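The values are calculated or read from the model by the stated rules, or taken from the named source; none is laboratory data. Treat the numbers as computed from the prediction; the structure is a model and nothing was measured. Cβ placement follows ideal geometry from the backbone for every residue including glycine, while neighbour counts extend to all protein chains displayed. Quick note on the areas: whole protein, heavy atoms, side chains included, nothing else; ligands and nucleic acids left out. Shrake-Rupley method; radii C 1.70, N 1.55, O 1.52, S 1.80 Å.
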Amino acid sequence: MSRLSDFSRSPESPFRFQFGSIFSLGLALSLCFATIPLVYAQEQSATAVSHQVKDIFEHAAKAVVKIHGVDEHCEISGTGFFIDPTGTLYTAYTVGGEAGNFTIEFNGKKYPARQLLTDIRSGTALLKIDAVTPAMTIGKSEELEVATPVVAIGYPLDLPETPNFGMVAGFDHKYLGRYFSTTHLRLNLPTQRGEAGAPLLNMKGEVVGIVVSSLENNSACYAVPIEAAEKIRGDFVRFGEARHGWIGINVSEAPKAVEGSRAEMTQIMEGTPAAGSGIKPGDILLQVGRKRVTEPEDVLDASFFITAGDIVPITVLRGNQKLTFDVRAGLHPASQRGVLIASPASPTMNQAIPLKLDSEVERTP
């Protein structure tokens, strides 16, 4: 008579074969059933994102318009969006900066538009029509991170308004060796001709940037943060023009970080707002206005948000002592020359701050 122990010892035992088969089948079924909820969850997640993008598009598209204009060479077209209910709209400088005879397609009608302000440093322009309009909600680009999903709405080619979904790929100070006037958002968003000036939206439907240029055969793009455009609009409201400020200090990289900053003062320029302020070479720069500084290139961002004529608090570390100096900003020399632009993709406008990150080269706020 066979005993149970005989079955357990024999590798050829039918009992062992059947038990193994049953176990394998059970494992396969378990894996199969475990995969079903995962696939279902992924499908549900994708569906939820699709619905969210659709809702953002349907709500925000009401404030997005197509812009027609004529420059000295040809007709141009692009995208813009309203930012107040009186018909004021943002677009890219490449659309509204150097053209004229603007026409805005809005709500099934065409409206003549006038140019309020153009700013080559930020790569933006302000236009206006005489009509009551919807307006987009302004968000904060500071809340974005790498891989944050975003939506753009534009008018590609001769097509109707179109949503575009992607994510933030980076926050860049420079492109192809040239510095931007302020940090730009690099986006994994394919763009087409006609989409310059499109609003960039977060997943709450708030505008956080303006598309200003395309990259890599239109497979990606750059957007200027909405705060940069709002700074220019703030200047316009206060003074009727953009007033880019500066204080006149050269900054280079310190050998080591102090209080989290590697930005060391190397020169206080004569005849500049900083001259006689009390700031000295060797001071470690910690903050310019409301902008914290950790690296020398942070000075570019900080400088962009300075308005000429305003009192700017400059916080430095001298030895173990933290000091704050109030400096009245002057007009940035680049504003007078008009050589800075945030549109690297255009061959005729491939200009930004012409500095390099070599250790011997200094940054100047």
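If you take the residues of the stretch 126-152 that are under 13 Å from the mean Cα position of the chain (by Cα) and of a type in the set (S, T, N, Q), which of them is nearest to LYS231 (Cα to Cα)? Give the derivation first.
The first filter runs over the stretch 126-152 and keeps only residues under 13 Å from the mean Cα position of the chain (by Cα), leaving 139-152.
Subset that is of a type in the set (S, T, N, Q): 141, 148.
Working: SER141: 13, THR148: 24 Å.
Across the stretch 126-152, the extreme among qualifying residues is SER141.
Looking at the stretch 139-150, is at least one residue polar (S, T, N, Q), touching a residue at least 24 places away in the same chain (Cβ under 8 Å), open to solvent by less than 80 Å² (accessible area, probe 1.4 Å) and touching an Asp or Glu at 6+ places or on another chain (Cβ under 7 Å)? Walk me through it before giving the result.
Here is the first cut: in the stretch 139-150, the residues polar (S, T, N, Q) are 141, 148.
Subset that is touching a residue at least 24 places away in the same chain (Cβ under 8 Å): 141, 148.
Imposing the further condition that a residue be open to solvent by less than 80 Å² (accessible area, probe 1.4 Å) reduces the set to 141, 148.
In the following step, the residues that additionally are touching an Asp or Glu at 6+ places or on another chain (Cβ under 7 Å) were identified as 141.
Yes: one or more hits.
Could we say that ALA92 is buried (at least 22 other Cβ atoms within 10 Å of the Cβ), hydrophobic (A, V, I, L, M, F, W, C) and closer than 23 Å to ASN188 by Cβ here?
So ALA92 passes the test.
Among what's in the stretch 106-115 and is in contact with a strand residue (DSSP E or B) (Cβ under 8 Å, 6 or more places away or on another chain) and over 23 Å from GLU72 (Cβ atoms), pick the residue that is surrounded by the fewest Cβ atoms within 10 Å (Cβ to Cβ).
Taking the stretch 106-115 first, the residues in contact with a strand residue (DSSP E or B) (Cβ under 8 Å, 6 or more places away or on another chain) are 106, 110-115.
With over 23 Å from GLU72 (Cβ atoms) added as a condition, the list becomes 106, 111.
Working: PHE106: 23, TYR111: 17.
Of everything passing the filter in the stretch 106-115, TYR111 is surrounded by the fewest Cβ atoms within 10 Å (Cβ to Cβ).
From the list ALA263, ALA223, ALA196, pick out the single residue that is modelled with pLDDT of 95 or more and under 11 Å from the mean Cα position of the chain (by Cα).
Numbers: ALA263 fails: under 11 Å from the mean Cα position of the chain (by Cα); ALA196 fails: under 11 Å from the mean Cα position of the chain (by Cα).
Being modelled with pLDDT of 95 or more and under 11 Å from the mean Cα position of the chain (by Cα) holds for just one of ALA263, ALA223, ALA196, which is ALA223.
Scan LEU215, LEU176 and give me the residue that is more than 20 Å from THR307 (Cα to Cα) and surrounded by 15 or more Cβ atoms within 10 Å (Cβ to Cβ). Reasoning before the result, please.
Numbers: LEU176 fails: surrounded by 15 or more Cβ atoms within 10 Å (Cβ to Cβ).
The unique qualifying residue is LEU215.
Out of (1) over 13 Å from the mean Cα position of the chain (by Cα); (2) crowded, with 22+ Cβ neighbours inside 10 Å; (3) over 18 Å from THR124 (Cα atoms), what's the single condition that is false for PRO163?
(2) is the only condition that PRO163 fails.
Somewhere in the stretch 311-334, is a residue at pLDDT below 90 and closer than 17 Å to ALA228 by Cβ? Give the steps one after another, and end with the answer.
Going through the stretch 311-334, the residues at pLDDT below 90 turn out to be 332-334.
Narrowing further to those that are closer than 17 Å to ALA228 by Cβ: 332, 334.
Scanning the stretch 311-334 turns up at least one residue that is at pLDDT below 90 and closer than 17 Å to ALA228 by Cβ.
If you go through the stretch 249-259, how many residues are in contact (Cβ under 8 Å) with a residue 24 or more places away in the chain and open to solvent by 50 Å² or more (accessible area, probe 1.4 Å)? Walk me through it before giving the result.
To start, the set of residues in the stretch 249-259 that are in contact (Cβ under 8 Å) with a residue 24 or more places away in the chain comprises 249-254, 257-259.
Restricting the remaining residues to those that are open to solvent by 50 Å² or more (accessible area, probe 1.4 Å) gives 253, 257, 259.
Final tally of qualifying residues: 3.
With the condition being within 26 Å of the chain's Cα centre (by Cα) and surrounded by fewer than 22 Cβ atoms within 10 Å (Cβ to Cβ), I'd like the strands (runs of 3 or more DSSP E) fully within the stretch 269-336 carrying at least 2 qualifying residues.
Details: elements: 284-288, 311-318, 321-328.
Answer list for the stretch 269-336: 284-288.
From the list PHE57, PHE102, PHE82, which residue is more than 13 Å from LEU127 (Cα to Cα), surrounded by 16 or more Cβ atoms within 10 Å (Cβ to Cβ), at pLDDT 95 or above and not β-branched (Val, Ile, Thr)?
Details: PHE102 fails: more than 13 Å from LEU127 (Cα to Cα); PHE82 fails: more than 13 Å from LEU127 (Cα to Cα).
Only one candidate passes the filter, namely PHE57.
Is it the case that the stretch 186-193 has a residue that's at pLDDT 95 or above, within 11 Å of the chain's Cα centre (by Cα) and either open to solvent by 50 Å² or more (accessible area, probe 1.4 Å) or more than 25 Å from ALA46 (Cβ to Cβ) (or both)?
Within the stretch 186-193, one or more residues are at pLDDT 95 or above, within 11 Å of the chain's Cα centre (by Cα) and either open to solvent by 50 Å² or more (accessible area, probe 1.4 Å) or more than 25 Å from ALA46 (Cβ to Cβ) (or both).
In the stretch 116-138, which residues are in a strand (DSSP E or B) and surrounded by fewer than 17 Cβ atoms within 10 Å (Cβ to Cβ)?
Applying the first criterion (in a strand (DSSP E or B)) to the stretch 116-138 yields 116-119, 124-128, 138.
Within the stretch 116-138, LEU116, ILE138 qualify.
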